[in-house]
Structures are given as structure tokens and as C-alpha cells.
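A short worksheet on the structure shown next.
Each reported figure results from applying straightforward, stated rules to the coordinates on display, with no laboratory input. Note that the structure is a prediction, hence the values are computed from the model and not measured. Every residue, glycine among them, receives a Cβ derived from its backbone with ideal geometry; neighbour counts consider all protein chains shown.
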Amino acid sequence: MALTDTKIRNAKHGAKPIKLFDERGLFLLLQPSGGKLWRLKYRILGKEKKLSLGIYPDVTLKVARQRRDEARTLLANGTDPATVKLDQEKAARALAANTFKVVADEYIEKSALEGRAAVTIKKTRWLLSLMETDLGYRPISEITPADLLATLQKVEAKGHLETARRMRSLAGRIFRYGVATSRATADPSALIRGALVAPKVKHHSALIEPQAVGELLRAIDGYAGQPLTCLALKLTPHLFVRPGELRRAEWSEFDLQKAIWTIPAEKMKMRNPHVVPLSGQVLELLESAKAISAGQRYVFSSLYPGNRPMSENTINAALRRLGYTGKEMTAHGFRSTASTLLNESGKFNPDAIERALAHKEGNATRAAYHRGQHWKERVEMAQWWSDHLDTLRDGATIIPFAVKS
């Protein structure tokens, strides 16, 4: 006699498993532990087998019968439903292992092994986190250009145009890695190129008028703050490296006898090591820093607890304390100051200036040729620049510089 919902609800469990039969091989197995399991008994190639169809009441009597009929249709066509179910489970597990987040995590780990800076990896993970809710747990091969665009437009709608652009770029690298590892078939980010609002190019604020630069240098000389912050602030105009490169400088990278600082590739934006010649003024400032942090890893260590570099906002915060707004001057802006005034001086080859700034040469052949060029000129330029800064600083009567409130 066929089962009914009432009979199933009223069925009593026993000390041993009990089978309640329906029709055409379907039965409900009552477990001593209290579970009610749907099973289908069938024969294929002369062998009796059983197929699990789910758990009651999650799978109702009606649904269990539908699954039975689907399985019997496969049997009628000579296919073992257990094999089909196993293949489906394998496919589901494969999809779960090939989600956007899984592939993205692999890509980021690969980037870290290739020497990407820790700060770069941190920013990459942050960008990924903005996509995880919508895309993270979806199979990467199923994500369409429309799916990706919708996710990016949520960020764009908040006014974060540059963030949305960076997210699209990262997504593209992840999809291409997925294609290379046979888990994706295309890069949907390529098809939405131009669909986002292009952010306006924002240049780092910088002073480029000699008189204004001199005023800034006098202000820096009058800065009253933590000793290492004072020294980092004084060094920044002379070295014109990127702020992150200076704040993460380690004593092991310096050869003060040879007056050079070798920045390893993993700390450089362009992923190439960069050697910086040190002027006499820079060496004096480093000797002062050495008296404070010589026993620590970083030249400019964080005060709390002292085994990390200073905060990325330290120099900009110091400039704000001196009264310079973000629209007037930034730590990164010292690079523009140096580039502008060095080029305007007419004393140095523009290629030497570009090498000093660690800018990437667009032409690969030219880049290879110029990799080892201009060192002597760069050494001369480093000293001339420090002397020139001293001239600008001392070019007017020094007046005590009051910090703006």
C-alpha cells in the first residue's frame, strides 16, 4: 500500500531500522536514532542497488516520488542513477573549489611568493573584500560581464571612482589567472572596459616655486615633534623617493661608507631594485637617526611598539601641523618638486632625473640600455640637489616659523 503523509508522520521508530514501502522501489527507512531517509531500490545489470533520495521532511513524499521517477527514467535508458548522482556531486564540489574567491586567494598568494610588497598584498585583499559579497562564492566560470559591472557600479555609485577602476583591474588579473589554470574560459572585465566613469587624474600636490620651497624648508627646520619624525621630514626633500620607500627603510639596506641606499625590488613600485646615492647632508641626518634607532630594524620605527615602520600618514600629518594643507603639499609631492626644479635647472640629463625617481621606461629596449647608465651623474645630482635645497632654505632671513593652529 502506498505511503501517505499521515502514515509517515505517525510512524514509530524501533530498536532496529524499519522500512516503509511506497511504490516502484521507493521506501522510507526509519532509523533508531530518529532519522527518516528516502531510498530507492533498483536493479541494474542484474545487481541490486540502493539510491539515497534525501531526508524527510526536507524532501517531501511528493518530491521523493519525483526523484524516483527521474531515476527510473535514467534506468530505462541504460544509465545507473547512482553514477549520475556521483558525477553531479563531483561537479558540485569542483564548482565549490573554483569560486571567484578561491581563485583570487590563489592569485594573491602567488603574487606574494613573487615578491609583491606586503602593503600591496594588503591593498589587494582589501579590493577583493569589496567584491566578495556579490562574487566571492560564485563559480568563477559562471560570472558574466553584467555581474561584474553591477558589483563595480555599487562602489562607483558611492563616488569611489578610482576604487572601482582598481577593482576592475584586479578582477581582470584574477580572471586571467583562472583562464590560465583552466577554471575560467574568459575575462569578463575586458568586455566592460569603458563602462565605468573614468576618474579624473589627481596629481599629488607639490610646491614648485623656489621661494615657496625655501619657506617650506625653513618651516621643516622649525618643526617640533618626535625626533625620528623630524629627521624623516628633513630627509624627504633630499631623497625624493616614494613615501612608503622611506618610511620602510631598513638599516641593513644602507652602506654609509659607500654613501648608497639599496632598496630591494619587493619594496619598489616597479619591482626593480633601486640604488640611491646619498649626499653629505643625507649622511649627517642618517647618523642622527642612527643614534636613535640603530638597534632596530627600521630607520624610522614606530614608537609603539618599535618593531614596525612609522605610519604611512606621519609625514603628511607633520606637514599639516606646519600649516600646509593637502592641496598645497604632500609627502609624495616632494618628488614632483625635485623633478620640476632639477629639470628646470638644465644641469642634468632628463634620463638621469627619471632614473633617480625610479620611473619605469616605457620602451623595453631603451629601459635595458639605460638600466646601468647615469650613475656618476646621479651621484653629482644628489649632492647638487642637497646643496640647492640648503641655498633655497637660507635664501631669505630666517624667521621663527610658527605652527598654524
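Sorting Thr391, Thr340 by the number of Cβ atoms found within 10 Å of their own Cβ, with the fewest placed first, yields Thr391, Thr340. Which percent of the Cα-Cα distances in region 5-89 go past 21 Å? Result for the distance tail: 30 percent. Against the main long axis of the alpha-carbon atoms of the chain, helix 161-180 sits at an angle near 60°.
Pick out, in residue order, every one of the GluC sites (Glu not before Pro) in region 80-117 that is DSSP loop and has at most 11 other C-beta atoms within 10 Å; say none if there are none. For GluC sites (Glu not before Pro) across region 80-117 that sit outside H, G, I, E and B with at most 11 neighbouring Cβ atoms in 10 Å, the list reads Glu114.
For region 222-277, which GluC sites (Glu not before Pro) pass both filters: DSSP loop (anything but H, G, I, E, B) and at most 14 other C-beta atoms within 10 Å?
Working: sites: Glu245, Glu250, Glu253, Glu266; in loops: none.
Those that pass, being in a loop and sparsely packed, number zero.
For region 100-192, the calculated P(r), taken from all Cα-Cα distances in 10 Å bins from zero up to the bin holding the longest distance, is 17, 54, 27, 2 percent.
Over region 199-263, what portion of Cα pair distances is larger than 19 Å, expressed as a whole percent? The calculated P(r) of region 199-263 puts 47 percent of pairs beyond 19 Å. Between Ala117, Ile263, Gly214, the Cα set farthest toward the positive side of the dipole of the chain (charges on each charged residue's Cβ, about the Cα centre) is that of Ala117. Helix 280-293 axis versus longest C-alpha principal axis of the chain: approximately 50°, rounded to the nearest ten.
Among the listed pairs Lys7/Lys47; Lys101/Lys267; Lys7/Lys90; Lys90/Lys123; Lys327/Lys376; Lys234/Lys327, a Cα-Cα separation exceeding 28 Å is found for Lys7/Lys47; Lys7/Lys90; Lys90/Lys123; Lys327/Lys376. Against the main long axis of the alpha-carbon atoms of the chain, helix 100-113 sits at an angle near 40°. In terms of other Cβ atoms within 10 Å, Thr120, Thr337 run from fewest to most in the order Thr120, Thr337. If you take all other residues with their beta carbon under 13 Å from the beta carbon of Leu228, and give Lys and Arg +1 and Asp and Glu -1, the sum is +4. Between Trp375, Ala358, Gly25, the Cα set farthest toward the positive side of the dipole of the chain (charges on each charged residue's Cβ, about the Cα centre) is that of Gly25. Listing Lys49, Lys19, Lys12 from fewest to most neighbouring C-beta atoms within 10 Å gives Lys12, Lys19, Lys49. Only DSSP H runs of four or more residues enter the estimate; each adds -39500 (n - 2.57), and after division by the residues of the chain the mean residue ellipticity at 222 nm equals -15000 deg cm²/dmol. Of the chymotrypsin sites (Phe, Trp or Tyr not before Pro) found in region 127-213, the ones in coil according to DSSP and having at most 16 other Cβ atoms within 10 Å of their Cβ are Tyr137.
Ignoring solvent entirely, what values of log10 I(q)/I(0) come out of the Debye formula for region 259-331 at 0.13, 0.22 Å⁻¹ when each Cα is a single scatterer? Per q value, in the given order, log10 I(q)/I(0) is -0.55, -1.22.
To make sure I understand the rule: partners must be lysines, Cα under 16 Å from the Cα of Lys12, and not fewer than 8 residues away in the same chain. Which ones qualify? Straight-distance partners of Lys12: Lys36.
The 3J(HN,Hα) values that the Karplus relation (6.51, -1.76, 1.60; θ = phi - 60°) gives for region 235-249 are, in residue order, 6, 3, x, 6, 9, 6, 7, 5, x, x, 5, 6, 5, 9, 5 Hz. Gly and Pro appear as x. Considering only alpha-carbon pairs that sit under 8 angstrom and 6 or more positions apart, the relative contact order computed for the chain is 12 percent.
Once you have the alpha carbon radius of gyration of region 210-393, what is it after dividing by 2.2 N^0.38 Å, with N set to its residue count?
1.00
Rounded to the nearest 20, the size of the Cβ-charge dipole of the chain about its Cα centre is 2620 debye, with Lys and Arg at +1 and Asp and Glu at -1.
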